[in-house]
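*Asks:* Below are the structure tokens for one structure; questions will follow.
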Amino acid sequence: MTDDFAARRAAARKRLDAIDPAKSGKLDDPYRRDWFRAVYDLADGDEAAVPWADKHAHPLLGDWLEGKSLAGLRALDVGCGLGDNAEALAAAGADVTAFDLSENAIRWAKQRFPRTSVDFRAADLFDPPAEWLGAFDFVHECYTLQALPNRLLPEAGRALAAFLKPGARMLVIARSRPNPAAPDGPPWPLARGDVEGLTAHGLTLESLEELTPPGEPAHWRALFGRAA
């Protein structure tokens, strides 16, 4: 990240915080749909203006994928943003569908990767296409859960689990917090119990790691499975 990129990102964060209802505690829409769309609408083609767009796959996803093959698997990337994580999954051999709430984000991702094999789609996690339910061998979720108030975690967890076919797996990456009490946000980092709570939706927790990416706070990397 160059000094110029960092300065543009800091300025964008300030602008976005100013219009984020969650920052003032007036969260009439806990799903934050209007704000998420505004992030991409106001970015005006500048990747620095999208706080989570680092122009590469998340390091905890990249590290997990190293040496693995997802060939033959149908994968879903949740909240794909500008597409870097989806492209990493495709590079590992998966047949990838990636979605984001923002239509502008999807158009931007397609422009960034004009020769992509990824099926980029605009969709809502809480109202997905019916044909996606129970259709995927692998689901990847990075930062979507932590971008929602903790009280929505059960609903979001059910929505994510519904994408998995029998025998499928799901990888979740999110900031961690040591205090089990609900945090102030956004973002809303996840406590261990929040992550373990995703097993309430018919999933088994296969592994849970607390890791610290370079220059970042501590994160969870959790792998879940659905029984065959």
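The values are calculated or read from the model by the stated rules, or taken from the named source; none is laboratory data. Fair warning: this is a prediction, and the values are worked out from it, not measured in the lab. Here the Cβ positions follow ideal geometry from the backbone for every residue, glycine too, while neighbour counts run over all protein chains shown.
*Asks:* Mind checking which helices (runs of 4 or more DSSP H) fall wholly inside the range 14-130 and carry at least 1 residues that are in contact with a strand residue (DSSP E or B) (Cβ under 8 Å, 6 or more places away or on another chain)?
*Replies:* The helices (runs of 4 or more DSSP H) meeting that bar are 33-43, 59-65, 84-91, 103-112.
*Asks:* Among the residues of the range 48-64, are any touching a residue at least 24 places away in the same chain (Cβ under 8 Å), in contact with a Lys or Arg (Cβ under 6 Å, 6 or more places away or on another chain) and surrounded by fewer than 21 Cβ atoms within 10 Å (Cβ to Cβ)?
*Replies:* Within the range 48-64, one or more residues are touching a residue at least 24 places away in the same chain (Cβ under 8 Å), in contact with a Lys or Arg (Cβ under 6 Å, 6 or more places away or on another chain) and surrounded by fewer than 21 Cβ atoms within 10 Å (Cβ to Cβ).
*Asks:* Ok, one more. Condition test on Gly62, is it farther than 24 Å from Ala162 by Cβ and touching a Ser or Thr at 6+ places or on another chain (Cβ under 7 Å)?
*Replies:* no
*Asks:* Among the residues of the range 169-188, is any crowded, with 18+ Cβ neighbours inside 10 Å, farther than 30 Å from Arg13 by Cα, touching a Leu at 6+ places or on another chain (Cβ under 9 Å) and among the basic types (Lys, Arg)?
*Replies:* Looking for residues that are crowded, with 18+ Cβ neighbours inside 10 Å, farther than 30 Å from Arg13 by Cα, touching a Leu at 6+ places or on another chain (Cβ under 9 Å) and among the basic types (Lys, Arg), one finds at least one in the range 169-188, hence yes.
*Asks:* Which one of these is in contact (Cβ under 8 Å) with a residue 24 or more places away in the chain and farther than 27 Å from Glu209 by Cβ: Gly81, Gly45?
*Replies:* Gly45
*Asks:* Looking at the range 173-191, which of the residues that are among the aliphatic types (A, V, I, L, M) and in contact with a helix residue (DSSP H, G or I) (Cβ under 7 Å, 6 or more places away or on another chain) is nearest to His58 (Cα to Cα)?
*Replies:* Residue satisfying both the conditions and the ranking: Ile173.
*Asks:* Kindly evaluate Thr144 against the criterion of being surrounded by fewer than 18 Cβ atoms within 10 Å (Cβ to Cβ), in contact (Cβ under 8 Å) with a residue 12 or more places away in the chain, within 24 Å of Ala48 (Cα to Cα) and among the β-branched types (Val, Ile, Thr).
*Replies:* No; evaluated as a whole, the condition is false for this residue.
*Asks:* Further question: Restricting attention to the range 198-217, which residues are in contact (Cβ under 8 Å) with a residue 40 or more places away in the chain and over 18 Å from the mean Cα position of the chain (by Cα)?
*Replies:* Answer for the range 198-217, where residues must be in contact (Cβ under 8 Å) with a residue 40 or more places away in the chain and over 18 Å from the mean Cα position of the chain (by Cα): Ala200, His201, Gly202, Leu203, Pro214.
*Asks:* Quick check on the range 15-31: of everything there that is modelled with pLDDT of 90 or more and of a type in the set (Asp, Glu), which residue is surrounded by the most Cβ atoms within 10 Å (Cβ to Cβ)?
*Replies:* My answer is Asp20.
*Asks:* Looking at Ala227, is it under 18 Å from Leu65 (Cβ atoms), among the small types (Gly, Ala, Ser) and touching a residue at least 12 places away in the same chain (Cβ under 8 Å)?
*Replies:* no
*Asks:* Does the range 106-145 hold any residues that are β-branched (Val, Ile, Thr) and under 18 Å from the mean Cα position of the chain (by Cα), and which are they?
*Replies:* Scanning the range 106-145 gives Ile106, Val118, Val139, Thr144.
*Asks:* Please tell me if Leu208 is buried (at least 19 other Cβ atoms within 10 Å of the Cβ) and in contact with a strand residue (DSSP E or B) (Cβ under 8 Å, 6 or more places away or on another chain).
*Replies:* No.
*Asks:* Separate question: Given the structure, is Asp124 charged (D, E, K, R) and farther than 19 Å from Trp220 by Cα?
*Replies:* yes
*Asks:* Can you tell me which residue within the range 192-205, out of those that are out of contact with any helix residue (DSSP H, G or I) (no Cβ under 8 Å at 6 or more places or on another chain) and more than 15 Å from Ala159 (Cα to Cα), is surrounded by the most Cβ atoms within 10 Å (Cβ to Cβ)?
*Replies:* Arg192
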